[in-house]
1. Restricting attention to segment 72-95, report how many residues are open to solvent by less than 20 Å² (accessible area, probe 1.4 Å) and closer than 18 Å to residue 137 by Cα.
2. Can you tell me which of (1) open to solvent by 10 Å² or more (accessible area, probe 1.4 Å); (2) touching a Lys or Arg at 6+ places or on another chain (Cβ under 7 Å) is the one residue 131 doesn't meet?
3. Restricted to segment 54-83, and to residues that are within 15 Å of residue 95 (Cα to Cα) and not in a helix (DSSP H, G or I), which residue is farthest from the ligand (Cβ to nearest atom)?
4. Please work out if residue 152 is in contact (Cβ under 8 Å) with a residue 24 or more places away in the chain, open to solvent by 10 Å² or more (accessible area, probe 1.4 Å) and over 28 Å from residue 255 (Cα atoms).
5. From 226, 240, 232, grab the single residue that is within 18 Å of residue 9 (Cβ to Cβ), crowded, with 24+ Cβ neighbours inside 10 Å and either at pLDDT 70 or above or acidic (Asp, Glu) (or both).
6. Yes or no: segment 160-169 includes at least one residue that is aliphatic (A, V, I, L, M), out of contact with any strand residue (DSSP E or B) (no Cβ under 6 Å at 6 or more places or on another chain) and not in a helix (DSSP H, G or I).
7. Could you run through segment 89-129 and say how many residues are in contact with a strand residue (DSSP E or B) (Cβ under 6 Å, 6 or more places away or on another chain) and either free of Cβ contacts under 8 Å to residues at least 40 places away in the same chain or within 11 Å of the ligand (Cβ to nearest atom) (or both)?
Amino acid sequence: MPATHIDWTAVDVPAQNGRTVVVTGANSGLGAQLSRVLARAGARVIMASRNVDATRAVAETIGGNTEARRLDLADLSSVRAFADGLDGDVDVLMNNAGVMAVPKGVTADGFERHIGTNHLGPFALTGLLIDRVRDRVVTVSSGLHVLGRVRDDLNWENRRYQRWFAYAQSKLANLLFAYELQRRLEAAGRSTISVAAHPGVSATEGQRRDTSLQGKILAGGRAQSPEMGALPLLYAATAPGVDGGSCIGPDGLMQRNGHPTVVRSNRRSRDAALATQLWERSERLTGIRYALDPR
Ligand SMILES: NC(=O)c1ccc[n+]([C@@H]2O[C@H](COP(=O)([O-])OP(=O)(O)OC[C@H]3O[C@@H](n4cnc5c(N)ncnc54)[C@H](OP(=O)(O)O)[C@@H]3O)[C@@H](O)[C@H]2O)c1
């Protein structure tokens, strides 16, 4: 980002006419806000969520060129059906949907809910669409990735379940994935880029749902509005000159609030060996192999 750039806001989103964006988790929180801003900027927005009726209702309030499509990231058959049903190329894939600190449970494919919904579902979706993504893939992580470890016991089968740490593992996985995807795209000579982003702390349904003391401490105090929280994600998705393999977050204290800027993620998230291991494991678990042969 140029040093002179201050306070980038939604009005700075470049015209999106003629561009198609897929937003996952578009029926609420940040996903709804992303869809709203992108549609206003002229994009065709494919709002992908597990509840199509709720998403359609949100799409109607937004107007513009929006459409609701069913996608359940906690079910690989739904991910495949969504990808199969998508016509044409997309410019931006926004891997935004996620569950946050939910009770222990498994996805349709038997994965722990956080790693399944937040990482393995988007991993599969991106792999199925990657040849059709023209511009960039944005993957939404969290500042809480710093609490994450990628364990051999990825699915929390052999240790006491701790929901915030399960969430943190999945958000670390998001970063490892985003950076590894960039390395692989680059190695294949593709112009498509992969960018990570996080919203800081933003008052969405997902953020409010957890009223425990632990949740309040981990979520980090006062939350900014979804309008502000969405800005780093919008910047990552639309700003010209964003580097593949970068992470965009808020510029405020401890990356909790503020306007978009390039931010640092922790050293573990940049561990290329760990990223490769997770990638190979994700391919085995999902059965999705990326065909990133040089073009
Ligand atoms: N808010 C924050 O402070 C904060 C901080 C750091 C990172 N984030 C990240 O920001 C992203 C958006 O979260 P948010 O704050 O906007 O929370 P939110 O309001 O709870 O929205 C999450 C979205 O993900 C969808 N989703 C959940 N499970 C899904 C599944 N199996 N398949 C498809 N969609 C599914 C939800 O759909 P349903 O309505 O059907 O559940 C909802 O649309 C997440 O990746 C989250 O980790 C948020």
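The values are calculated or read from the model by the stated rules, or taken from the named source; none is laboratory data. All figures in this text were calculated on a predicted structure; none of them were measured in a lab. All Cβ positions, even for glycine, are placed from backbone atoms using ideal geometry, and neighbour counts span all protein chains on display. Quick note on the areas: whole protein, heavy atoms, side chains included, nothing else; ligands and nucleic acids left out. Shrake-Rupley method; radii C 1.70, N 1.55, O 1.52, S 1.80 Å.
1. Final tally of qualifying residues: 11.
2. Among (1) open to solvent by 10 Å² or more (accessible area, probe 1.4 Å); (2) touching a Lys or Arg at 6+ places or on another chain (Cβ under 7 Å), the lone unmet condition for residue 131 is (2).
3. Top of the filtered list is 69.
4. no
5. 232
6. Looking for residues that are aliphatic (A, V, I, L, M), out of contact with any strand residue (DSSP E or B) (no Cβ under 6 Å at 6 or more places or on another chain) and not in a helix (DSSP H, G or I), one finds none in segment 160-169, hence no.
7. 5
Rundown of residues vs (1) buried (at least 24 other Cβ atoms within 10 Å of the Cβ); (2) modelled with pLDDT under 95; (3) not hydrophobic (A, V, I, L, M, F, W, C), yes/no style:
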position	(1), (2), (3)
31	yes, no, yes
42	no, no, yes
45	yes, no, no
60	no, no, yes
70	no, no, yes
